[in-house]
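Engineer: This is the structure I want to talk about, given as structure tokens.
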Amino acid sequence: MGRVRLSVAQRREELLRAALEQISARGVAALRIADVAAALGVSNALVLYHFSTKEKLVAAAFAHAAQDDLAHLRKLLGRRTSALRRLRAAVRWYAPTGQAKGWRLWIEGWAVALREPALRDVARDLDRQWKAEIAGVIAEGVAAGEFRCADPDGAALRLTAFLDGLAVQLTSYAGTVSRARAREWTDEALARELGLDREAVSARPAPRGRPESPQSAPPVRPGSPAPR
């Protein structure tokens, strides 16, 4: 039986997902158009028809991954619950866990982006949108009186910078930091930015219908560094 005929959009998505799998397995430098074609059982010419060069394929693949990440982030932040719970869910999802396959992909992408303008634009745009989404929910929580933060944009930048650095440590140097300690540091970073005690961030959500405990922690100090 022959292959199912796909639409242009479906074919492009299939190629992009295959490219991401090959990048994860081989790295960008070693990736060849032939690797993507072989993974799907198609010709090199078909891949080049949709993406005329390897560089364009790689940039499009990372853009595809970025949109998937942003869609999931927005799903977490769009839940009908408190700003604190939404932020906690987003930060814990973003933090590296387990084999961190997604983080290995992005660390690879950052390295290549130093010399590839198209990929650098993709990474920068993802970073900008992620910070904007987080800052927006922090501002919502401040307006609702859930916590205090004098600079939501700065808080989003510091949280992102901390999590990116932590991801590099956990992904590149296995055993440097335990998953439990990384979770503690992540909760501490979020708590500090929101002017809360870490226990308020790490506590399990209260049952539905019961309000969360009021917060009495001092206001956050703008510019306070993330934990190392």
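The values are calculated or read from the model by the stated rules, or taken from the named source; none is laboratory data. Predicted model, so just to flag it, every value in this text is computed and none were measured. So basically every Cβ, Gly included, is an ideal-geometry build from the backbone, and we count neighbours across all protein chains shown. Accessible surface is based on the protein model in full, side chains and every heavy atom, while ligands, DNA and RNA are left aside. Shrake-Rupley method; radii C 1.70, N 1.55, O 1.52, S 1.80 Å.
Engineer: Say R0 is 25 Å: what FRET efficiency, to the nearest 0.05, do Ser7 and Gln67 get from their beta-carbon distance?
Structural biologist: 0.85
Engineer: Let me ask something additional. Need the full-extension length gain, Val168 to Asp151, defined as separation in residues times 0.36 nm minus the C-alpha distance. One decimal, nm.
Structural biologist: Full extension of this stretch gives 3.5 nm more.
Engineer: Probe radius 1.4 Å, ligands and nucleic acids left out: which of Arg12, Arg128, Arg179, Arg92 has the largest accessible area, and how do the rest follow?
Structural biologist: I get Arg179, Arg128, Arg12, Arg92, largest accessible area first.
Engineer: Kindly sort Tyr94, Tyr49 by accessible area of their heavy atoms, largest first, with the probe set to 1.4 Å.
Structural biologist: The ranking, largest first, comes out as Tyr49, Tyr94.
Engineer: At R0 = 30 Å, how high is the FRET efficiency between Arg32 and Trp93 if r is their beta carbon distance? Nearest 0.05 is fine.
Structural biologist: 0.40
Engineer: Right, another one. Testing the spin-label approximation: label points 7 Å from Cα along Cα→Cβ at Arg128 and Ala111. State their distance in nm.
Structural biologist: 2.7
Engineer: Related question: From Cα coordinates alone, what are the radius of gyration and Dmax values for region 1-74 in angstrom?
Structural biologist: For region 1-74, the Cα radius of gyration and maximum Cα-Cα distance read 12.4, 40 Å.
Engineer: Let me ask you something else. State to the nearest 20 debye the size of the charge dipole of region 1-93 about its Cα centre, where the only charges are +1 on K and R beta carbons and -1 on D and E beta carbons.
Structural biologist: Computed about the Cα centre, the dipole is about 600 debye.
Engineer: Taking 45 Å as R0, compute the FRET efficiency from the Cβ-Cβ separation of Leu40 and Arg80 and round it to 0.05.
Structural biologist: The computed FRET efficiency comes out at 0.65.
Engineer: What distance in nm separates the two pseudo spin-label positions at Arg181 and Glu21, each 7 Å out from Cα along the beta-carbon direction?
Structural biologist: According to this spin-label approximation, the distance is 3.7 nm.
Engineer: Please give the calculated 222 nm ellipticity per residue for the chain, where each DSSP H segment of at least 4 residues contributes -39500 (n - 2.57) and the sum is spread over every residue; nearest 500 deg cm²/dmol?
Structural biologist: Rounded to the nearest 500, the figure is -22000 deg cm²/dmol.
Engineer: Ok, one more. Over all directions, average the projected area of the Cα convex hull of the chain and note it in nm².
Structural biologist: If I average the Cα hull's projected area over directions, I get 15.2 nm².
Engineer: Still on this structure, please answer the following. Which Cα, out of Leu76, Val42, Ala182, lies furthest along the positive dipole direction of the chain (beta carbon charges, K/R +1, D/E -1)?
Structural biologist: Val42
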